[in-house]
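The values are calculated or read from the model by the stated rules, or taken from the named source; none is laboratory data. Everything quoted here is computed from the prediction, not taken from an experiment. Because the Cβ atoms are built from the backbone with ideal geometry, glycine has one as well, and the counts that use them run over all protein chains shown. Ligands, DNA and RNA are stripped out before the accessible areas are found, and what is left, the full protein with its side chains, is counted by its heavy atoms. Shrake-Rupley method; radii C 1.70, N 1.55, O 1.52, S 1.80 Å.
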Amino acid sequence: MATTGTLITTTGSVEWPLFRDFRMKTHKNLYPQIFNMSNLILAWREARKRKTKKPYVMEFEKDLVKNLLNMYYELKAQTYFHKPLTTFILRDPKTRKISKSEFIDRIAHHALVRVLEPIFDPTFIYDSCANRKGKGNLFAIKRLQTFLKKVSRNGQVFPNDFNDSNYIKSYCLKADIKHYFQEVNHEILLKIIKRKIADKQVIWLIKRILNSGERERDGQLSYYLDKKGMSLGNLTSQFFANVYLNELDYFIKHDLRAKYYIRYVDDFVILHSSKSQLKIWKQDINNFLIEKLKIELHPEKSRIIALSRGVDFVGFRNFYYFKLLRRRNIKKMEHKILSFNKGKMNYEKLIDSFQGWEAYAMWANSEKIIKKVLKKIKL
């Protein structure tokens, strides 16, 4: 039975499980599935997708059988260590710190997720959209469009005269979590995972990955339960992000009973006809995050807006009748073009980036913007 605690909300005290019981079985003896050679081969194939010409991939594949066998024996004997991460600053144009794992460690990430994903994914809510098969940002956009129609009764939201009784006043809580990947608490994450995974060897491997670059001291891995944070670039970080915030999803959907809720990583929206209700929920959600998950809403990026202003979500500003590209999304492409014009990026890489951006931008009413950005390329 799950341990319970009391959450003080703006509407009173609510009893909620510290680690929610999904009433599904606990899984044991999973570790042999992870280091199984068939699983490692499939993990290697996934890790190399779209990277076959990278020098580190070609180097690994010069002696592929030997490298995979070494990995097999290290995982089986639990002598595997995650190599230190390579960290660099990415400006696109927003500045972000990205941590990159060695190729062999990325294979380990895929091997682990291949076994854990089928266990956890069925517990995720339908509208958790990021890093899931059959989901993604375009899925999130379509769901938002569906919710916009429902909450506004097929677009009866008037941008100017809210006193007109023929129109519906509707609002959106647009929020994200402050420094999410840097603040994920390892102890809480492991407790959530242990609800379903009762295999100590799997937990050992997860700790190895969470503590990338740690080394044994006096025969024991230096591991502290008060550690926090996950590297932004790892596959496992994307997967664990969904596991961690699944707690928030259930709180919002089942405890608050919010009907129109969508989450994409740490960015989420809730639509409702009552602005005052969204204010209450915003405070309740922040209390839950602080007390339960040791994280909090971003105070500047979490706000309630009228639907008539458009909902800024996964790269678009979404209105009932149309969508616009977010300005930051346009600037990101313009920044890459500027790098090309200055000779800092080759033509093939620019074209790959532009074609991907164009395919995404076409989901908005953006024909003029695309032509304008294209003209900035100096050949």
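The set of residues in the stretch 330-359 being open to solvent by 30 Å² or more (accessible area, probe 1.4 Å), under 22 Å from Lys142 (Cβ atoms) and in contact with a helix residue (DSSP H, G or I) (Cβ under 8 Å, 6 or more places away or on another chain) consists of Glu358 alone.
Does Arg257 satisfy the criteria of being under 26 Å from Phe147 (Cα atoms), open to solvent by less than 30 Å² (accessible area, probe 1.4 Å) and charged (D, E, K, R)? Before the answer, list the steps.
Details: under 26 Å from Phe147 (Cα atoms): yes; open to solvent by less than 30 Å² (accessible area, probe 1.4 Å): no; charged (D, E, K, R): yes.
The answer is no for Arg257.
Checked against (1) closer than 22 Å to Leu325 by Cα; (2) open to solvent by 50 Å² or more (accessible area, probe 1.4 Å); (3) free of Cβ contacts under 8 Å to residues at least 60 places away in the same chain, Asn131 passes all but condition (3). For the stretch 231-245, the criterion of being open to solvent by 10 Å² or more (accessible area, probe 1.4 Å) and free of Cβ contacts under 8 Å to residues at least 60 places away in the same chain is satisfied by no residue at all. Going by the structure shown, is Phe88 aromatic (Phe, Trp, Tyr), at pLDDT below 95 and in a loop (DSSP other than H, G, I, E, B)? Against the criterion (aromatic (Phe, Trp, Tyr), at pLDDT below 95 and in a loop (DSSP other than H, G, I, E, B)), Phe88 does not qualify.
Report yes if Lys279 is part of a helix (DSSP H, G or I) and of a type in the set (D, E, K, R), otherwise no. Working first, answer last.
Working: part of a helix (DSSP H, G or I): yes; of a type in the set (D, E, K, R): yes.
Spelling it out, Lys279 is indeed part of a helix (DSSP H, G or I) and of a type in the set (D, E, K, R).
Each residue in the stretch 207-244 was checked for being over 26 Å from Asp176 (Cα atoms) and at pLDDT 85 or above, and 2 pass.
Just so you know, in the stretch 348-379 the residues that are in contact with a Leu (Cβ under 6 Å, 6 or more places away or on another chain) and assigned to a loop (DSSP other than H, G, I, E, B) include one that is nearest to Gly310 (Cα to Cα), and it is Ala364.
Filtering the stretch 293-328 to residues that are over 23 Å from Tyr171 (Cα atoms) and buried (at least 20 other Cβ atoms within 10 Å of the Cβ) leaves Leu293, Ile295.
Say we look at the stretch 302-326 and pick out the residues that are touching a strand residue (DSSP E or B) at 6+ places or on another chain (Cβ under 8 Å) and of a type in the set (Gly, Ala, Ser); which of these is modelled with the highest pLDDT? Only one residue tops the list, namely Ser302. Checking every residue in the stretch 133-140 against the condition of being at pLDDT below 95, not in a helix (DSSP H, G or I) and not basic (Lys, Arg) gives at least one match.
Residues to consider are Ile280, Ile295; find the one that is within 27 Å of Asp121 (Cβ to Cβ), among the β-branched types (Val, Ile, Thr) and at pLDDT 95 or above.
On the way: Ile280 fails: within 27 Å of Asp121 (Cβ to Cβ).
Selected residue: Ile295, the only one of Ile280, Ile295 that is within 27 Å of Asp121 (Cβ to Cβ), among the β-branched types (Val, Ile, Thr) and at pLDDT 95 or above.
For the stretch 56-67, state whether one or more residues are among the hydrophobic types (A, V, I, L, M, F, W, C), open to solvent by 40 Å² or more (accessible area, probe 1.4 Å), at pLDDT 85 or above and within 21 Å of Arg208 (Cα to Cα). No: the stretch 56-67 contains no residue that is among the hydrophobic types (A, V, I, L, M, F, W, C), open to solvent by 40 Å² or more (accessible area, probe 1.4 Å), at pLDDT 85 or above and within 21 Å of Arg208 (Cα to Cα). Regarding Ala108, is this residue surrounded by 15 or more Cβ atoms within 10 Å (Cβ to Cβ), closer than 15 Å to Gln201 by Cβ and among the small types (Gly, Ala, Ser)? Taking the combined requirement at face value, the residue satisfies it.
What residue, of Ile252, Ile290, is open to solvent by less than 60 Å² (accessible area, probe 1.4 Å) and modelled with pLDDT of 95 or more? Working first, answer last.
Values: Ile290 fails: open to solvent by less than 60 Å² (accessible area, probe 1.4 Å).
Answer to the selection: Ile252.
Total residues in the stretch 293-342 satisfying the condition of being part of a helix (DSSP H, G or I) and among the charged types (D, E, K, R): the figure is 7.
For the condition open to solvent by less than 80 Å² (accessible area, probe 1.4 Å), under 30 Å from Gly315 (Cβ atoms) and at pLDDT 90 or above, Glu46 qualifies.
Let's see how each residue does on (1) in a loop (DSSP other than H, G, I, E, B); (2) among the hydrophobic types (A, V, I, L, M, F, W, C); (3) within 30 Å of Met333 (Cα to Cα); (4) in contact with a Cys (Cβ under 7 Å, 6 or more places away or on another chain):
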position	(1), (2), (3), (4)
Ser38	no, no, no, no
Ala43	no, yes, no, no
Arg50	yes, no, yes, no
Val57	no, yes, yes, no
Lys66	no, no, no, no
Leu75	no, yes, no, no
Lys83	yes, no, no, no
Asp105	no, no, no, no
Ala111	no, yes, no, no
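With respect to the conditions (1) touching a Ser or Thr at 6+ places or on another chain (Cβ under 8 Å); (2) in a helix (DSSP H, G or I), Met345 lacks only one, and its number is (2).
Scanning the stretch 46-80 for residues that are closer than 18 Å to Phe35 by Cα, over 29 Å from the mean Cα position of the chain (by Cα) and acidic (Asp, Glu) returns a single hit, Glu74.
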